[in-house]
Amino acid sequence: MPRILLSFTLIILFSATSYADDIVAKVNGTELTKKDLEAEVDRLIPRITFHRRVPEEKRKLYYNKALEEMINRELQYQDAVAKGIKPDKEKVDARMQKIREKSKSQEEYKAALDKEGVTEEKMRTQLEKALLIEAVTAKTVTEPSQVNEADLKSFYEKNSDRFKQPEGVKLRLISTKDEKKAQDLLAGIKAGEDFGTLAYTMSEDSYRVKSGDIGYMHKGRMLPEIEEAAFKLRQGEVSDIIKAGDFFYIIRLEDKKPERQMSFDEVKGKLEKELEQERNRELKEKWIADLRARAKIDVLLKTGSPEGEKK
């Protein structure tokens, strides 16, 4: 039987419930329960660890992070209410319908609700709260984070050095751990054998399948010994044998590109995304900090240290 609430994002907003449960925190008087916390941990674990299930004693290590997110969302919801934002009835109806459609029948849907211990009315209330948080986040963070063309051009012009494409070389490469083999291969190349064919048939690295073509490489992206030799070659020229680590290499310079200034149009899309993500992060952090500074938050549960790394 599907877990209806877990199939969507409703699990993110089990605050201010009427369940008889231990109170773990109060946010401006609104109670957050132990049941809310456990549901939040269930949502949090897949995001920060590769393990979907963790032992009961280890779940407590996620309590701090889970409780922090619960408190932040409750503050966001309360801010939406204070700003007079109303839930969009059409959006609520549409999402409720999607949830119903997850079940094969009305009976299965009702059974899933019973298993979650929630009524359809309660689920709708939680969904409305989730949508209010989306709406207030859009107005407070997402929309103000957007940058216009003038902002982008100004940033590009003031930081033009960031958008210089460094000098690059396009190489073919042959590698082997056998020095005698490398000497024989180099002799063959000098005698007129095709570099790409030899790379495909004789090289001992993954670029062999591409006839040794490793594409364009910039300084700092290659082994120092190969880089030093590569930037001394002329187009079409083949190096001597290069010893680096346990391998012997032979490289051929296919092409060389000088350093160049990338145009605004080339970097515009990526720059827009980067600036908006940075603004979004800054605005959200400030918003949450301001909400917390004005709030009365009582944490009633002793929690463990949060885990923030995948293990």
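The values are calculated or read from the model by the stated rules, or taken from the named source; none is laboratory data. Only a predicted model underlies this, so the values are computations on that prediction, with no experimental measurement involved. Virtual Cβ from ideal backbone geometry, glycine too; neighbours counted across all protein chains shown.
Here are the numbers for the structure shown:
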| read-out | value |
| --- | --- |
| Evaluation of Y62 against (1) touching a residue at least 12 places away in the same chain (Cβ under 8 Å); (2) in a loop (DSSP other than H, G, I, E, B) (one fails), failing number | (2) |
| Some residue of segment 126-139 being more than 30 Å from L291 (Cβ to Cβ), of a type in the set (D, E, K, R) and surrounded by 13 or more Cβ atoms within 10 Å (Cβ to Cβ) | no |
| Members of segment 88-110 found to be of a type in the set (D, E), within 31 Å of the chain's Cα centre (by Cα) and farther than 16 Å from A130 by Cβ, listed by number | E101 |
| Among the candidates L253, L271, residue that is touching a residue at least 40 places away in the same chain (Cβ under 8 Å), over 30 Å from D205 (Cα atoms) and not basic (K, R) | L271 |
| Filter result for L301 (farther than 30 Å from R43 by Cα and surrounded by 14 or more Cβ atoms within 10 Å (Cβ to Cβ)) | no |
| Residues located in segment 145-183, provided they are over 27 Å from Y216 (Cα atoms), surrounded by 12 or more Cβ atoms within 10 Å (Cβ to Cβ) and of a type outside the set (K, R) | S145, Q146, V147, D151, L152, S154, F155 |
| Number of positions in segment 189-211 that are small (G, A, S), part of a helix (DSSP H, G or I) and either touching a Ser or Thr at 6+ places or on another chain (Cβ under 7 Å) or not assigned by TED's automatic domain parsing to the domain that holds I250 (or both) | 2 |
| Members of segment 52-92 found to be exposed (fewer than 12 other Cβ atoms within 10 Å of the Cβ) and at negative phi, listed by number | R52, R53, P55, E56, E57, A82, K86, K89, E90 |
| Residue list for segment 208-228, filter: under 24 Å from D194 (Cα atoms) and basic (K, R) | R208, K210 |
